[in-house]
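The values are calculated or read from the model by the stated rules, or taken from the named source; none is laboratory data. No experiment lies behind these values; they were computed from the predicted model shown. Glycine also receives a Cβ, built like all others from the backbone with ideal geometry; neighbour counts cover every protein chain displayed. Quick note on the areas: whole protein, heavy atoms, side chains included, nothing else; ligands and nucleic acids left out. Shrake-Rupley method; radii C 1.70, N 1.55, O 1.52, S 1.80 Å.
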Amino acid sequence: MICISVVPATNEEALSLLGRALPLAELVELRIDRLEAPALPMLLHAGRERIVVTNRRRDEGGFFASCETRRLERLHEAVELGARFVDIEARTGSRAVGRLADAVRSRGGRTRLIVSHHDLAGTPSARTLAARVKACRALGADVVKIVTLANRAEDNLRVLEILPQAREMGQDIVAFCMGEMGRLSRVAAPLLGSCWSYASLEKGAASAPGQLTVAEMRAVLGMLHS
């Protein structure tokens, strides 16, 4: 499954990008961290059952620069409005993640919780990666998301190895490497058990380094499946 990630600067741009992306992929990640006042009721009306709402922190590669309380309030609003997924960083802390998990459960599971961890500097050891999966799982994740930066080709292998490990525990997971060296993992991840892989709508619109376009991703996956 492919998830197109869009990072709009205005609500108008967000609505336009959603309109273009939703017909092209199974999911669309709506990154609201650049929006000063996201109009979530209007934006989720475009296709809430296929939208992942993310309000990414700066220390994990995002743009949100206001107070943490406001950042979390927007994620809670997305849950109330019935977004298909909301994504919160594990480093937000157990109390805040727990409150969001409780909000998700109180809505009867209409929304699913992604607990994510991003390493922008490199890829740690297999033991550390396994510990991060368990930590995100312990926070109540419906989907664990582990993303690292690949500085060498073999970094891809360590991240991809956690996919079958998580699935053996019955844990849904998304995992891959960023960067030019990590492009291999973005393609291989869905084949090894990742719930989805992220892609950009078009060239020049990547939300993270090494991201393929949705057309490139579909072409490569199509060849591998043929």
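Numbers at a glance
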{"quantity": "Shape call, the range 99-198: gyration tensor on alpha carbons, a/c limit 1.5", "calculated": "prolate"}
{"quantity": "Choice from A83, A166, A37 with maximal GNM fluctuation in the chain (Cα, 10 Å cutoff)", "calculated": "A37"}
{"quantity": "GNM flexibility winner over the chain from E161, E12, E216 (Cα, springs under 10 Å)", "calculated": "E12"}
{"quantity": "Length-normalised contact order of the range 31-114 in % [C-alpha pairs under 8 Å, at least 6 apart]", "calculated": "29"}
{"quantity": "Among K134, K145, K203, residue whose mean-square fluctuation peaks in a GNM of the chain (springs only between Cα atoms under 10 Å)", "calculated": "K203"}
{"quantity": "Exposure rank, largest accessible area first [M223, M169; 1.4 Å]", "calculated": "M223, M169"}
{"quantity": "Rel. contact order, % - alpha carbon contacts under 8 angstrom, at least six apart, the range 102-155", "calculated": "44"}
{"quantity": "For the chain: relative contact order, % (alpha-carbon pairs under 8 angstrom, 6 or more apart)", "calculated": "16"}
{"quantity": "Net +/- balance of residues flanking V174 in space, Cβ distance below 10 Å, scoring K and R +1, D and E -1", "calculated": "-1"}
{"quantity": "Helix-only mean residue ellipticity at 222 nm for the chain, each DSSP H run of n ≥ 4 adding -39500 (n - 2.57), per residue, nearest 500", "calculated": "-12000 deg cm²/dmol"}
